[in-house]
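Step one of this worksheet: look at the structure below.
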Amino acid sequence: MEAILLVGGKGSRLRPVTEYTPKPMVPTAGVPFLAHQLAKARAAGVTHVVLATSYLAEVFEPYFGDGADLDLRITYIHENEPLGTGGAIRNAADALTCGPDEPVLIFNGDILTGLDIAGLVDSHRAAGADVSLHLTRVEDPSAFGLVPTDETGRVLAFTEKPQRPEEIVTDQVNAGCYVFRRSVIDTIPAGRVVSVERETFPGLLESGAHLHGVVDQTYWLDLGRPAALIQASADLVRGVVRSPALPGKTGEYLVLPGATVEDGAKLSGGTVVGAGSFIAADAVVEGSIVLDGARVEAGAQVRASFVGAGARVGSRTVLDNAVIGDRAEVGEDNELQGGARVWCHSTLPDAAIRFSPKP
Ligand code: GTP
């Protein structure tokens, strides 16, 4: 089966905190996030992936090459200007080789999911649908476009973000993974910006196409915010969500070759420690990403945080839900919490910042 993976768009706001951009290239559980997605696609029977790129398109190919290491064929398609999700699918489809009735898997590059991809494709075939969509249920649907279905799974509507309570007709939302009949992709207009959610799907529905929703309450995480990326990494390390690309066994932590973890350091919660990094005795690192060449010094406490490549976290410093940019220096006895971000190459002196929670 062939797939299109959407990794373009307007760009990543992670840039000031890590040089590993765009976001799908940020190491997550030891490898670029994209490696997990590609490996999962391969495991589901995908043999050719078309990578639809725009922002920083040039960074993908040197890492993934022709895909042979993943037993895949990867084709890179570049948009000079982002074409939106629908436009990108249409543009990337030029590289597909399958027949007009074949199913093509399409997925967003910023979502981690435990979806049974092969099951979605089977359901698509069984329903004889033009397009099938993975739908997930969310607690607060008000921030999403909603996708109500009938009892057979047939999609009834696509609604924009609901503005009033009575518009919340379902808790099912588009989870960013689709199967398109190949020929349906050709109905998307070429050469202009198209949103699949706002234009393609509603248009198909209006023209009488059969859109099929598959509600699957599996693991699903949108990597929109850095906290989600940290969570995704921890969940991959702990095996809460499985990936064939995890470079080691699942467990409470993953220490990559070449890292030094001194006796007495406490690693837990799905922490990943990158190559060449150093964790001192009595340091605590819980549910965090420590990238290559970083240092976490004696007695430091790092929780649910991201420590960038080559960054330093000084002795006794406490990080909780913080992002430390690549090669940034955080001196001793600091306390950073609640989404604090330190830009790449910045320096915080010793005892510069403390945190007082709201009363
Ligand atoms: P539209 O549906 O086009 O309005 O985008 P959206 O805002 O709903 O998409 P979102 O930003 O949620 O991105 C979904 C996925 O599509 C992500 O993996 C993006 O990297 C990717 N993506 C978004 N826009 C583009 C684009 O213009 N080109 C490409 N190649 N990928 C895109």
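Over the chain, Cα pairs under 8 Å with separation of 6+ residues give a relative contact order of 14 percent.
In plain terms, the bigger the Kirkwood radius, the slower the diffusion; for the stretch 192-316, with that radius from Cα pairs, at 20 °C and 1.002 mPa s, Stokes-Einstein puts D at 130 µm²/s. For the chain, the share of DSSP beta bridges that are antiparallel, to the nearest 5, is 25%. Answer rounded, prolate or oblate for the stretch 21-67, using the Cα gyration tensor with square roots of eigenvalues a ≥ b ≥ c: rounded when a/c is under 1.5, else prolate when a/b is larger than b/c, else oblate. Oblate, since a/c reaches 1.5 and b/c is not below a/b.
Loop-resident GluC sites (Glu not before Pro) (DSSP state other than H, G, I, E or B) in the stretch 123-216 with no more than 16 further Cβ atoms inside 10 Å of their Cβ: GLU139, GLU151, GLU160.
Classify the stretch 252-348 as rounded, prolate or oblate, taking a ≥ b ≥ c as the square roots of the eigenvalues of its Cα gyration tensor: rounded when a/c is under 1.5, otherwise prolate if a/b is larger than b/c and oblate if not.
rounded
Among the lysines of the chain, pairs at least eight places apart or on separate chains and with Cα atoms under 28 Å apart come to 8.
Among HIS124, HIS48, HIS210, the residue with the largest mean-square fluctuation in a Gaussian network model of the chain, with springs joining Cα atoms closer than 10 Å, is HIS210. Spin-label pair ALA227-PHE355: with each label point 7 Å from Cα along the Cα-Cβ axis, the two points sit 1.1 nm from one another.
Taking GluC sites (Glu not before Pro) across the stretch 221-315, none is in a DSSP loop with at most 10 further Cβ atoms lying within 10 angstrom of its Cβ. The amide H of VAL318, built 1.01 Å from its N in the peptide plane, has GLN301, ASN334, GLU335, LEU336 as neighbours under 5 Å, considering only residues 5 or more places off or on other chains. For the stretch 226-335, the set of trypsin sites (Lys or Arg not before Pro) satisfying both a DSSP loop assignment and a count of at most 10 other C-beta atoms within 10 Å is given as LYS249. The shape of the chain comes out prolate: with a ≥ b ≥ c from the C-alpha gyration tensor, a/c is at least 1.5 and a/b beats b/c.
Read the figures in this text as sums done on the coordinates, not as results from a lab. On a predicted model such as this, the values are computed, not experimentally measured, just so you know. With ideal geometry, Cβ positions are generated from the backbone for all residues, glycine too; neighbour counts draw on all protein chains shown.
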